[in-house]
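Beneath this line is the structure, given in structure tokens, with notes to follow.
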Amino acid sequence: GLFMLGISAWQMLRKNQVEIFGKSARIALVFTAVSALLVATTGHKHAQHTVKHQPMKMAAMEGLWESEQPASFSMFAIIDQENRTTRREFKLPYMLSVLAYNNLTTEVRGMIDLQKEYEEAYGPGDYLPPVRVVYWSFRLMVGLGMLFIIFAIIGLIQWWRDKLEESKLYLKLATIVMFLPLLANSLGWIVAEMGRQPWVVYGLMLTRDGVSPNVSAGSMLLTTIVFTLIYGILAAVAVYLVHRFAKPGVPEDADKMLHAY
């Protein structure tokens, strides 16, 4: 939705087929608003799944060292993983209990208690993920999600006021925001993959035990370079094709082409 909105905004800024791209922008706004709200809903459900099946990841996402009942949602914190503490934290009371369990009173276990529990279950070791990375990746991801919802609502208001085509600032911002879902998606993967560390299979196999003795460091480096080149080329081709076909706008004989098929 945001990608379609961005392309439409770019064309309207160029004064190219404003009527057509105004319609496509409106479709994109509706789709973006609905889908962003649905993504927020599924994210809430996923948080409840995470606190049940990967509680250490959930605690790291919140920078929660000590178990809390009720648990507060951390808006900002300076994480000190070495000393297992959090400094200069700003919290929203009760909100983590709501996020995790849909009520205001349930306890959410912290990393210190979970570390002790895991040592008893799996033996000595450090079962903490890289907390700073997980904590801030989660916040940036959620922040971008909220930004998408707000941005879509502002666009819908501009549409309702019949000023969407005239709002140059909003259209310019749309050409930037269109790239941010890719960043939000990447941040989500960082939370998912780094949050489950040190496990490759949660509770069954540690990452260090999943390293193959038959694959050398050189092979790993070569594979990484090849995959980077392949996806880099594909990205460049995608950008070229989008620019080539999006820049001219809708062909004048589009209706004839449609009826031909």
query: Tell me, what ³J(HN,Hα) does each residue in the stretch 59-68 have, in order and in whole Hz, if you take phi through Karplus 6.51 cos²θ - 1.76 cosθ + 1.60 with θ = phi - 60° and put x for Gly and Pro?
result: 5, 5, 4, 9, x, 8, 7, 9, 4, 10
message: With just the Cα atoms defining each centre, how far is the stretch 80-97 from the stretch 145-224? Give it in Å.
response: 24 Å
query: Which chymotrypsin sites (Phe, Trp or Tyr not before Pro) from the stretch 106-154 combine a DSSP loop assignment with at most 10 other Cβ atoms within 10 Å?
result: none
- prompt: Got a sec? How would Arg139, Arg244, Arg26 order by Cβ neighbour count within 10 Å, fewest to most?
  reply: Arg244, Arg26, Arg139
query: How much mean residue ellipticity at 222 nm does the chain get from its helices, if each DSSP H run of length 4 or more adds -39500 (n - 2.57) and you divide by all residues, to the nearest 500 deg cm²/dmol?
result: -21500 deg cm²/dmol
- prompt: Looking at the stretch 120-163 from every direction and averaging, what is the projected area of its Cα convex hull in nm²?
  reply: 4.5 nm²
field: 5 angstrom amide H check on Thr85, placed H, neighbours 5+ away
entry: Asp80
task: With mean projected area of the Cα convex hull in nm² defined as stated, name the option among (i) 19.5; (ii) 18.3; (iii) 20.3 computed from the structure displayed.
output: (i)
task: For Met205 and Ala40, calculate 0.36 nm times their separation in residues minus their Cα-Cα distance, and state this gained length in nm to one decimal.
output: 56.3 nm
query: What residues qualify as long-range amide H neighbours of Lys91, i.e. H under 5 Å apart, gap of 5 or more or another chain, H built at 1.01 Å from N?
result: Met75
- prompt: Hey, fewest Cβ within 10 Å first, where do Ser8, Ser97 land in order?
  reply: Ser97, Ser8
statement: Across the chain, qualifying lysine pairs (alpha carbons under 29 Å, at least 8 places apart or different chains) come out at 24
- prompt: Once you charge only the Cβ atoms, +1 for Lys and Arg and -1 for Asp and Glu, what is the size of the charge dipole of the stretch 1-152 about its Cα centre, to the nearest 20 debye?
  reply: 940 debye
task: Would you kindly derive the ³J(HN,Hα) couplings of the stretch 189-204 from the backbone phi angles with the Karplus curve 6.51 cos²θ - 1.76 cosθ + 1.60 (θ = phi - 60°), listing them in order in whole Hz, with x for Gly and Pro?
output: 5, 4, 4, 5, 7, 7, x, 8, 4, x, 9, 8, 10, 4, x, 10
query: Relative to the first principal axis of the alpha-carbon coordinates of the chain, what is the inclination of helix 18-53, with its axis defined by its Cα atoms, in degrees from 0 to 90 and to the nearest 10?
result: 10 degrees
message: If I fit a long axis through the Cα atoms of helix 168-177 and take the longest principal axis of the Cα atoms of the chain, what angle between them do I get, 0 to 90°, rounded to 10?
response: 50 degrees
field: Footprinting exposure proxy for Met95, Met58 (fewest neighbouring C-beta atoms within 10 Å first)
entry: Met95, Met58
Between 0 and 90°, nearest 10: helix 217-246 axis offset from the chain longest Cα axis: 30 degrees
query: When all C-alpha to C-alpha distances in the stretch 59-182 are sorted into bins of 5 Å, what percent of pairs does each bin hold, rounded to whole numbers?
result: 2, 10, 15, 16, 14, 11, 10, 8, 7, 4, 2, 1, 1
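Only the coordinates and a few stated rules stand behind these numbers; no lab work does. In this text the structure is predicted, and so the values were computed from the model without any measurement. Note that we place each Cβ from the backbone using ideal geometry, even for glycine, and neighbour counts take in every protein chain shown.
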